[in-house]
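The values are calculated or read from the model by the stated rules, or taken from the named source; none is laboratory data. Because the structure is a prediction, the values reported are computed rather than measured. Glycine also receives a Cβ, built like all others from the backbone with ideal geometry; neighbour counts cover every protein chain displayed.
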């Protein structure tokens, strides 16, 4: 058997004993997107343009807090972490200047995670290129390297940036994501992936800008991989893999007509210029552009408005001195001018568009570039080099390939790129809920089906009713998994991002404690990913600094399962009682060892310590951002929907597994295989909250089982272990049915609050103090 902790066999993850491993994880952490020195959440404008002097020390959280965060996530049943980091964190000070303090902190945090048994893969994260383009990711100097002036992005709308928005407090929901279709990010991504073809005059230090940018990105990630390798105790044992660049985008590459918004650009919100208008505005010209908003059926046009930069341009001035970065720009690349004008796309003397189809074809081969062509050429060229850089250091690395979001994956099946240690890593969001921040139980849309042309008219893609919506999500995710198999080969599929906004309905839940909408949306998404037969997922997001006022502290997003202004879910609603072994051929044993709890946590919840637990500073370490009386109504942030039972290790192939939240019923069907050691059981994470040991029933097709609570990975976690023979096997566990939002004042059957009262506590004792 392999000595590696995690391998891939027959399209499945396997542990070193040959058991199937389901990777159930979460993104850690959203705090990694913005600097800590100075502290710069996206709404903070102070020193924003002093990007050479920022530090990400202590990200994603302090080492002394790591045990608290990892123990919490372990209790939630997660075994996998997508470790979020940015290129900016490594190389903010300038080209080739790596922040070894941040790197050492990353190693320290990974070592803490090792104590909790997590599988970790590294995520070089970006959103619309960088913070200075309205997102996160690349250092500020990369923007300058492309000849752009971030201080002029606001006036020219080359990017919509939170802290330079006219009214940062009223930054529109999700408008940051439109930046892919504005000048700054559209230009930089085009240069990053295809500068050699479309910007041959952009030479810096003797290299085309494409090679310059990609080379620094590769070397930065490679340096981090080297330092993790040199640590000696993390590679393969903790860090099993590396994902490619988060959410790559082809931007202008493949545009058929710069003067028209392409049909595939479904996201339109706020001012929505054509790319030609964006180019003109970037050179100081006023343009009247369409304005769009997002509704339940998608984007709709609301009018037109004049965007007037008053002559300010998005390009660096002709006399700008960027010698501090140690590069020399070729004389053929003039600052103070639009680089696309310099390449003959348009004529600034007449403001005439000369080459509306400039980006439509590869200029050397004449091949038309559609989205799939981009993925198979420019993206795959990038991916191969990134893969080889990482594997030169981490030779056993599992590579997670993430092509552009919702696009067809690369056609590599049967080629030399059909790598046995590759994973397909798509993303999926319920866009309507994400953009409108409302959960519509009545209808939704099969977005993937529309994108793939499966309907004669988008109206036919509308799904009516919550059951149809949930099934549609599942079918879309299953279709994505099948596309991976069809185009890439028999590789595991991990959905490395999906999630829901918590600030739905104008933050109604924060005022009332009623998280029922969030619970329904979160459950629908989990039902879908579990039913799609993917090999794992990592939920977006865990953010240690989330609060009710500013959410994830980034662009108004609020997707974190944790908030300092909410209580975390207790593991069990009832006191433990001495259990007696079950009768018959099946055995049931209960064991726990609380003496080995090495860190303070909020989990050992009984009526005797409920008040202490709910007021423990480790749970809510910061003052509420809302009025004090509102926090007293706080619910559990829909935790009942994401703290779910799931297979951990399975002897065989999972044919189906489902958790029905309403019925509190978990079922697992598998085609079992015989392992070399008969002592190794199939292991299920069984959360106490849904399945208190004294109030759950277990039915199996055969074999023996036990429920036990152990701390083999530092934290007390309840598991079901099942020893079974080979062949078809099934298991069904029924737990404690409760209202979805027990602290929201529901009058349905007895929930957690009512059960506290049942065991002799007053309402005052059960409330958040």
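Just so you know, in the range 34-66 the residues that are over 22 Å from the mean Cα position of the chain (by Cα) and crowded, with 19+ Cβ neighbours inside 10 Å include one that is farthest from residue 175 (Cα to Cα), and it is 54.
Based on what the data block shows, is residue 359 modelled with pLDDT of 95 or more, in the same structural domain as residue 201 (by TED's automatic domain parsing) and closer than 30 Å to residue 484 by Cα?
On the way: modelled with pLDDT of 95 or more: yes; in the same structural domain as residue 201 (by TED's automatic domain parsing): no; closer than 30 Å to residue 484 by Cα: yes.
No.
I'd like to check something: does the range 24-33 contain any residue that is in contact with a helix residue (DSSP H, G or I) (Cβ under 8 Å, 6 or more places away or on another chain), farther than 30 Å from residue 489 by Cβ and not in a loop (DSSP other than H, G, I, E, B)?
Kept after step one, since they are in contact with a helix residue (DSSP H, G or I) (Cβ under 8 Å, 6 or more places away or on another chain), are these residues of the range 24-33: 26, 28-29, 32-33.
Retained after the next criterion (residues that are farther than 30 Å from residue 489 by Cβ): 29, 32-33.
Narrowing the set further to residues that are not in a loop (DSSP other than H, G, I, E, B) leaves 32-33.
Checking the range 24-33: at least one residue is in contact with a helix residue (DSSP H, G or I) (Cβ under 8 Å, 6 or more places away or on another chain), farther than 30 Å from residue 489 by Cβ and not in a loop (DSSP other than H, G, I, E, B).
If the requirement is being surrounded by fewer than 20 Cβ atoms within 10 Å (Cβ to Cβ) and touching a helix residue (DSSP H, G or I) at 6+ places or on another chain (Cβ under 7 Å), which of these qualifies: 219, 227? Can you show your working first?
Details: 219 fails: touching a helix residue (DSSP H, G or I) at 6+ places or on another chain (Cβ under 7 Å).
227 is the lone residue from the list that is surrounded by fewer than 20 Cβ atoms within 10 Å (Cβ to Cβ) and touching a helix residue (DSSP H, G or I) at 6+ places or on another chain (Cβ under 7 Å).
Here residue 394 fulfils each of the conditions (1) touching a strand residue (DSSP E or B) at 6+ places or on another chain (Cβ under 7 Å); (2) under 15 Å from residue 492 (Cβ atoms); (3) not in a strand (DSSP E or B) apart from (2). Only one of the numbered conditions (1) part of a helix (DSSP H, G or I); (2) under 22 Å from the mean Cα position of the chain (by Cα); (3) within 30 Å of residue 291 (Cβ to Cβ) is not met by residue 187, and that is (2).
Looking only at residues of the range 409-431 that are outside any loop (DSSP other than H, G, I, E, B) and out of contact with any helix residue (DSSP H, G or I) (no Cβ under 8 Å at 6 or more places or on another chain), we find that the one that is surrounded by the fewest Cβ atoms within 10 Å (Cβ to Cβ) is 427. If the condition is being in contact with a helix residue (DSSP H, G or I) (Cβ under 7 Å, 6 or more places away or on another chain), closer than 18 Å to residue 441 by Cα and not in a helix (DSSP H, G or I), then the range 453-470 contributes only 463. Scanning the range 262-277 for residues that are under 20 Å from residue 373 (Cβ atoms) and touching a residue at least 24 places away in the same chain (Cβ under 8 Å) turns up 264, 265, 266, 275.
Residue 716: at pLDDT below 95 and surrounded by fewer than 18 Cβ atoms within 10 Å (Cβ to Cβ), yes or no? Criteria not met by residue 716.
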